[in-house]
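Just below is one structure, and these are the notes that go with it.
The values are calculated or read from the model by the stated rules, or taken from the named source; none is laboratory data. Keep in mind that what you see is a predicted model, and the values were worked out from it rather than measured. Here the Cβ positions follow ideal geometry from the backbone for every residue, glycine too, while neighbour counts run over all protein chains shown.
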Amino acid sequence: MKSILSEQQLAITIRRLAHQILETHIDLENTVLIGLQPRGIFLSDQIVAEIKKEFPSARVQYGKLDITFYRDDIRRELHVANQTDIPFSIEGKKVVLIDDVLYTGRTIRAALDALLDFGRPEKVELCVLIDRRFSRQFPIQPDYVGKSIDSIISQKVKVYWKKKDGREEVAILD
């Protein structure tokens, strides 16, 4: 196991991502943030908390999206869905999708399909903690990146979250 981001580096990176989103969407007026289930919500919860800390009076529209049944690569198995919680329309809104690791792009492609059930957004942006640059199967690129890494297909990038794993760290597993 090789550590990529320590707990302190992870906290700084999340703060930076929140600030980058705010630079582009300063008033958050027509912007919604959507965390991808299951593991992207640990990142999105922290980004939303940072935004609220920076602008306590801002109205942050925040939802959580499960894409389990929109995926094209895992339909052969039985899967337990996570909860989708998007209590607003995304019609005409700027959507920032938030996920922990961008790998092949299949999760994001599925998320784009799933989003259409909630309206037609004006624009969709992607925020990821880790971008595994050279493993894309779809032409999907992030707008906000915590850290870009080069890894080989046999390696796994694991993001540990305090709420789920008892610690915060990003590591590459061989």
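Could you list, in sequence order, all residues of segment 159-174 that are under 21 Å from ARG133 (Cβ atoms) and crowded, with 17+ Cβ neighbours inside 10 Å? Within segment 159-174, VAL159, GLU169, VAL170, ILE172 qualify. Any residue at all in segment 54-68 that is surrounded by fewer than 19 Cβ atoms within 10 Å (Cβ to Cβ), at pLDDT 95 or above and outside any strand (DSSP E or B)? Within segment 54-68 (the criterion being surrounded by fewer than 19 Cβ atoms within 10 Å (Cβ to Cβ), at pLDDT 95 or above and outside any strand (DSSP E or B)), the answer is no, since none of the residues qualifies. Checked against (1) touching a residue at least 40 places away in the same chain (Cβ under 8 Å); (2) out of contact with any helix residue (DSSP H, G or I) (no Cβ under 6 Å at 6 or more places or on another chain); (3) not hydrophobic (A, V, I, L, M, F, W, C), GLY35 meets all criteria but (2). Hey, could you check segment 103-126 for residues that are part of a helix (DSSP H, G or I) and among the charged types (D, E, K, R) and say which is farthest from the chain's Cα centre (by Cα)? Result: ASP117. Among the criteria (1) closer than 15 Å to LEU65 by Cβ; (2) at pLDDT 95 or above, the one THR107 does not fulfil is (2). Has segment 7-28 got at least one residue that is of a type in the set (Gly, Ala, Ser), closer than 15 Å to TYR144 by Cα and outside any helix (DSSP H, G or I)? No, that holds for no residue. Here VAL32 passes the criteria (1) of a type in the set (A, V, I, L, M, F, W, C); (2) in a helix (DSSP H, G or I); (3) modelled with pLDDT of 95 or more except the one numbered (2). When segment 144-155 is filtered for residues that are surrounded by 14 or more Cβ atoms within 10 Å (Cβ to Cβ) and either under 23 Å from GLN8 (Cα atoms) or out of contact with any strand residue (DSSP E or B) (no Cβ under 7 Å at 6 or more places or on another chain) (or both), the ones remaining, listed by number, are TYR144, VAL145, GLY146, LYS147, ILE149, SER151.
Does segment 6-53 hold any residues that are surrounded by fewer than 22 Cβ atoms within 10 Å (Cβ to Cβ) and in contact with a Ser or Thr (Cβ under 8 Å, 6 or more places away or on another chain), and which are they? The answer is HIS25, GLN37.
The residue of segment 119-139 that is farthest from SER6 (Cα to Cα), among those that are at pLDDT below 95 and among the hydrophobic types (A, V, I, L, M, F, W, C), is PHE138.
Scan segment 85-142 for residues that are over 26 Å from ILE172 (Cβ atoms), touching a Leu at 6+ places or on another chain (Cβ under 8 Å) and among the small types (Gly, Ala, Ser) and the total you get is 1.
Say we look at segment 94-116 and pick out the residues that are within 22 Å of GLN46 (Cα to Cα) and of a type outside the set (A, V, I, L, M); which of these is surrounded by the fewest Cβ atoms within 10 Å (Cβ to Cβ)? So, considering only residues that are within 22 Å of GLN46 (Cα to Cα) and of a type outside the set (A, V, I, L, M), the one surrounded by the fewest Cβ atoms within 10 Å (Cβ to Cβ) is LYS94.
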